[in-house]
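First comes the structure, then the notes that go with it.
The values are calculated or read from the model by the stated rules, or taken from the named source; none is laboratory data. Just so it is clear, the structure is predicted and the values come from calculations on it, not from any experiment. Here Cβ is always computed from backbone atoms with ideal geometry, including for glycine, and neighbour counts include all displayed protein chains. Note: areas computed on protein heavy atoms with side chains; ligands, DNA, RNA excluded. Shrake-Rupley method; radii C 1.70, N 1.55, O 1.52, S 1.80 Å.
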Amino acid sequence: MNQERTVSPTVFSAYMISALVTMSTVAILRFVVAPHAQAAAAWSAESADGTEVESPGAVNVLEQIQLGYVGEYGPPLRLPSVEVAETATPYLVVRDEATEQWSQLLPSLQLVAYRSSSVPNLDDLGQMRVGITNELETVQLSSNKQAQVESTQGVLLATVPKGEVITITPSTNTYTVSTSQGVFSMGGVRFIPRTGGVVTVENYEDRPGWNTDLNDNVFRGRVLVARGTDNTTWVVNVLRLGPYVRGIAEASNSSPVEYQKALSVAARTYAVYNMLHPTKHEGEPYILDNTSGDQVYRGYNLEQRAEIWAASARSTSKQVLMYDDEVIVAPYFSQSDGRTRSWSEVWGGEYPWAVSVSDPGCEGLELQGHGVGMSGKGGVYFAEEGQMYEEILTYYYTGVRLETLESVTQAG
C-alpha cells in the first residue's frame, strides 16, 4: 500500500525562508561585503575552551570588513569575507559574543568563532618620526621632485619645483617660510615631496668619520619642522617603517648576512615597540632620535651605499619579535664579556625574554654597551658558525617568536 507524504504550507514556507536567508547571507558575504575590504587581518578558529583549532578547509578567510550590517539578518559586526566551496556546508566566522545571535538568526549555518591577531597592523601604527637635529638656526630644504609646503594642520601653502631651496626661520611663536611662491608664517611646517621623492636638509651635516666627503642629509618620506619641549626647532623625518630600518647604521655592510638579517629584525622590533609605546621622548615631535641613544639613523644615502644591509632588511620585511602577545623592546649592544645581562641586572624589573645567556663570541673581551639582548660581536660569531638569523634571535631573546606585521597599503 503506497502512502503519500504531505508537507504543510507552514513548514514548507519556513524551510524556504531559512534556505533563502542562508543563500542570501553567503551571497552578501561573497559579493557585497568582500569588495569593501580595507585591511588585511589574521584570523584563527578557537574551540569552546579557547584552544586553537584548525580552520575548516572549505573556508578561506581573506579580509577584514569595516563595521556594517550584513543584509537585514544581523547586528553590526566586523566580519571577514569568506569563500565557500559549492559542495561544502556554509560557514560564517563571527565574534564569540555574537555567536548566539547568529545561531538564532541563521540556524542552518555552522558558526566558527575567531580571535583577532595580536600582531600589530602597520596601518594602525602609522609612520615613524625620527628626530634628526635641533641645532640649526634656520632650516633649508629641497627635494629632487616637486614638493608641497604645508602647515602642520595640513593647509597647503605652496607647491615648489624640484631643486628649489626653501628657508624656514624660527621667530618667537611661529616660523617664517620663504619660497618662490611667497613668504608664509605658521606654527610648524611640513615639506612633502611627490611620491618617490627625497628631501635634502641643505644646511645639515652628518658625515661618517671614515669618509668626510659623504654627508647623510638626504631622507625618504617627508620632513617636519616643529618645536620641541625645550622650544628648540626640531627637524623630523616622517617616513614608513621599511625605509626607516634600511636607513639605520648599526652594522657594517660587510658583516655576515645572517647577522644583518637578525639585526634588522631587532631594529624593526625596537622601532615598533616605541611606535606602540611612544613615551621615551614624550611631548617631542618625534618618536626616536637618530643617535646611539635610540638607533643610529642616517637615511637615504646610507641605504644606497649599504646595499647588503638594505637587502637584508628587505628580506625580513615586516618581521618583529613577540613574547606571548606583546612586541618586545629588543635591545642590542656592541659586545659582552662572555655573557649577556638580564634586564633586571641593568634596569630593574623582569622580562622573561631578557635573561642572561652565555656569549661565546665575546669570551675574554670587555663589556661594551648595556649588555642586554643581542650582542653585535656575538651575533656575527654565530652567523659565521652557520647559524640562521632566526636561530640567532631566539638564542639572545629567550622564548620569543617571529611574527609578520600586517598591512594593506604600506611596504615594510
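If I take all pairs of Cα atoms in segment 132-220, what percentage of them are more than 19 Å from each other?
40 percent
Considering the alpha-carbon set of segment 116-274 alone, what are its Rg and its Dmax in angstrom?
My reading of the Cα-based Rg and Dmax gives 17.2, 51 Å.
Would you mind getting the accessible area per residue of segment 197-257, heavy atoms of the protein chains only, 1.4 Å probe, in Å²?
Result: 38 Å² per residue.
Would you please put 330-337, 262-269, 118-125 in order of how densely packed they are, using the mean number of other Cβ atoms within 10 angstrom per residue and starting with the highest?
262-269, 330-337, 118-125
Rg to Rh ratio, segment 173-240, alpha-carbon atoms and Kirkwood radius?
1.01
Out of the GluC sites (Glu not before Pro) in segment 203-275, which ones are loop residues according to DSSP with at most 12 other C-beta atoms within 10 Å?
For GluC sites (Glu not before Pro) across segment 203-275 that sit outside H, G, I, E and B with at most 12 neighbouring Cβ atoms in 10 Å, the list reads E205.
Distance from the Cα centre of segment 123-158 to that of segment 230-265, in angstrom?
19 Å
When N counts the residues of segment 254-412, how does its alpha-carbon radius of gyration compare numerically with 2.2 N^0.38 Å, as a ratio?
That ratio works out to 1.01.
Based on the alpha carbons, how large is the Rg to Rh ratio for segment 233-283 when Rh follows Kirkwood?
1.03
Determine ³J(HN,Hα), in whole Hz, for all residues of segment 147-155 in sequence, where each value follows from phi through the Karplus function 6.51 cos²θ - 1.76 cosθ + 1.60 and θ = phi - 60°; x replaces Gly and Pro.
Taking θ as phi minus 60°, the curve returns 9, 9, 10, 10, 6, 5, 8, x, 7 Hz for segment 147-155.
Which residues' amide hydrogens lie under 5 Å from the amide hydrogen of R339, considering only partners 5 or more residues apart or on another chain, with H built in the peptide plane?
Amide H neighbours of R339, under 5 Å, 5+ apart: D359.
How would you rank 297-309, 152-164, highest first, on the average number of other Cβ atoms within 10 Å across their residues?
Ranking the peptides 297-309, 152-164 by packing returns 297-309, 152-164.
Over the Cα atoms of segment 210-249, what radius of gyration and what Dmax do you get, in Å?
12.8, 34
Collect residues whose amide H, placed 1.01 Å from N in the peptide plane, falls under 5 Å from the amide H of R227; neighbours closer than 5 in sequence don't count.
Excluding prolines and chain starts, which carry no amide H, the hits are W234.
Per-residue counts of other Cβ atoms within 10 Å, averaged by peptide: what ranking do you get for 275-282, 214-221, highest first?
214-221, 275-282
Roughly how far apart, in whole Å, are the Cα centres of segment 353-380 and segment 269-283?
Rounded to whole Å, the Cα centres lie 24 Å apart.
Around D216, which amide H atoms from residues at least 5 apart in sequence, or from another chain, sit under 5 Å from its own amide H, with H modelled in the peptide plane?
Counting only residues 5 or more places away or on other chains, the set is D206, R207.
Whole-Hz ³J(HN,Hα) for each residue in segment 383-392, computed from phi via Karplus 6.51 cos²θ - 1.76 cosθ + 1.60 with θ = phi - 60°, x for glycine and proline: what do you get?
5, 5, 7, x, 6, 7, 4, 4, 5, 4
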